[in-house]
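Read the structure below first, then the notes.
The values are calculated or read from the model by the stated rules, or taken from the named source; none is laboratory data. Remember, it's a predicted structure, so these values are computed and weren't measured experimentally. Quick reminder, even Gly has a Cβ in these numbers, built from the backbone with ideal geometry, and neighbours come from all protein chains shown. These accessible areas exclude ligands, DNA and RNA; they are computed on the full protein's heavy atoms, side chains included. Shrake-Rupley method; radii C 1.70, N 1.55, O 1.52, S 1.80 Å.
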Amino acid sequence: MIKNEMHRLLDDVAQGRTTPDKALERLRYAPFLEVGCGVNLDTHRALRTGHGETVFGQGKDPEQMVKAVGGLAASGQPVLATRVNREQSEALCAAYPQGVYWPRARLFSLGAELPVNEPWPNQGRVVVACAGAADIPVALEAFGTAAFLGLDTGLISDVGVAGLHRLQPHMEALFQAKLLIVVAGMEGALPSVLAGLTGKPILAVPTSVGYGASFQGLAALMAMLNSCAPGIAVLNIDNGYGAACMAAKILAQ
């Protein structure tokens, strides 16, 4: 929606020619922004869905990333980019030195802080539980995205089923949380364990970590989908971002 059209719409509201609700409906679906390099931004996604557009880095070149982040940032709202590789991060940090790049989580944020530095809290309304240290990059994507979205989030790492006694010190935090994001590779058993122990809603994220028969996360995905414990919803393989967004939508209700 161009500036003159927006002005006419606001004038129509002010003069009583249309209602605020009808104007809002027009604003929900009208605007987008073409910034070149094949990038066409959804500038009013937050108005429709509650969350602004996130820039998915995988497959984009550095120039596309810079244009996408800059185009979204022009609205004055914080911008998050996921799956950001080193080459993309160098271009983003050069263009937006005030931004934050988190290599382990592969996240770039402009206009909002990310919890880059340890120690991380281990309790919150949302707790991200990570089965193995090898699963941490996916867990950090979920943890960092949740923090970007303003969620009170904790992280518990390396507490998988090969040593379940490691969960014991964290049981109070798990019971106090409203929702758990559980990240696991290999056989993907941790979500079932926590669903049986806590009764909390669980967003399970399989990771592509594992030997050959894990089929790059397919074994964990199938195990989570076939869990005997009720109350588990399963995300796509390695999709920590999606789990954090779903957590935000659930807690906003």
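Since residue 90 meets every condition but one in (1) among the charged types (D, E, K, R); (2) closer than 24 Å to residue 53 by Cα; (3) part of a loop (DSSP other than H, G, I, E, B), which condition does it not meet?
So residue 90 meets the others, but not (3).
Within the range 86-101, which residues are open to solvent by 80 Å² or more (accessible area, probe 1.4 Å) and within 20 Å of the chain's Cα centre (by Cα)?
Of everything in the range 86-101, just one residue is open to solvent by 80 Å² or more (accessible area, probe 1.4 Å) and within 20 Å of the chain's Cα centre (by Cα), namely 86.
Can you tell me which residue within the range 202-215, out of those that are open to solvent by 30 Å² or more (accessible area, probe 1.4 Å) and either more than 20 Å from the chain's Cα centre (by Cα) or among the aliphatic types (A, V, I, L, M) (or both), is nearest to residue 145 (Cα to Cα)? It would help to see each step written out before you state the result.
Taking the range 202-215 and keeping what is open to solvent by 30 Å² or more (accessible area, probe 1.4 Å), we get 208-213, 215.
Now drop any that are not either more than 20 Å from the chain's Cα centre (by Cα) or among the aliphatic types (A, V, I, L, M) (or both), which leaves 209-213, 215.
Values: 209: 21, 210: 24, 211: 28, 212: 30, 213: 30, 215: 27 Å.
For the range 202-215, the residue satisfying everything is 209.
Here is a yes/no grid of residues against (1) without any contact (Cβ under 8 Å) to a residue 12 or more places away in the chain; (2) under 25 Å from residue 150 (Cβ atoms); (3) open to solvent by 70 Å² or more (accessible area, probe 1.4 Å):
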position: 163; (1), (2), (3): yes, no, no
position: 174; (1), (2), (3): no, yes, no
position: 177; (1), (2), (3): no, yes, no
position: 183; (1), (2), (3): no, yes, no
position: 197; (1), (2), (3): no, no, yes
position: 200; (1), (2), (3): no, yes, no
position: 217; (1), (2), (3): no, no, no
position: 225; (1), (2), (3): yes, no, yes
position: 237; (1), (2), (3): no, no, no
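Checking residue 146 against (1) small (Gly, Ala, Ser); (2) within 17 Å of the chain's Cα centre (by Cα); (3) on the phi < 0 side of the Ramachandran plot; (4) open to solvent by 10 Å² or more (accessible area, probe 1.4 Å): exactly one of these is not met. Which one?
(4)
At pLDDT 95 or above and either assigned to a helix (DSSP H, G or I) or hydroxyl-bearing (Ser, Thr, Tyr) (or both): does that describe residue 105?
Criteria not met by residue 105.
Among 83, 104, which is among the charged types (D, E, K, R), open to solvent by 10 Å² or more (accessible area, probe 1.4 Å), under 15 Å from the mean Cα position of the chain (by Cα) and at positive phi?
The conditions single out 83.
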